[in-house]
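A.B. asks: Handing you a structure now.
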Amino acid sequence: MGSRWILRCRGRGDLGAAATLGREFGHLMRVRPVITYSLSPLEQRAFPHCFSKGVPNMLHRTQACILRVVPPLVVFYFVYTCGTQEFEKSKRKNPAAYENDK
């Protein structure tokens, strides 16, 4: 274990209010109500199990919610396309109404 420093808090002489600070990577560091952990950048892995666990989890979650998401989207698509077609039809003039014009 590395050396530890005991600091007296704000000049008070009591050791009960002292904080112990870790000086090595991975040791607990406590400052009043804030607790932080540190880990060496060389010990970290940026994407652990990204493909082995992440992709199957994504597929499982997609299968779980697809029946809740897709039907409303399909209904909205058909309502939108039918509504757009009816709107375009209603904008056209009736050619039979203009047969007798000169």
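The values are calculated or read from the model by the stated rules, or taken from the named source; none is laboratory data. As the structure is a computational prediction, the values presented were derived from the model and not from experiment. Positions of Cβ are backbone-derived with ideal geometry, glycine not excepted, and every protein chain shown enters the neighbour counts.
A.B. asks: Report yes if residue 10 is surrounded by fewer than 10 Cβ atoms within 10 Å (Cβ to Cβ), modelled with pLDDT under 75 and in a helix (DSSP H, G or I), otherwise no.
C.D. replies: Details: surrounded by fewer than 10 Cβ atoms within 10 Å (Cβ to Cβ): yes; modelled with pLDDT under 75: yes; in a helix (DSSP H, G or I): yes.
Yes; evaluated as a whole, the condition is true for this residue.
A.B. asks: Another question, if that's okay. Has the range 54-77 got at least one residue that is over 32 Å from the mean Cα position of the chain (by Cα) and either modelled with pLDDT of 85 or more or aromatic (Phe, Trp, Tyr) (or both)?
C.D. replies: No: zero hits.
A.B. asks: Just the residues that are surrounded by 10 or more Cβ atoms within 10 Å (Cβ to Cβ), at negative phi and modelled with pLDDT of 85 or more, please, taken from the range 36-53.
C.D. replies: 50, 53
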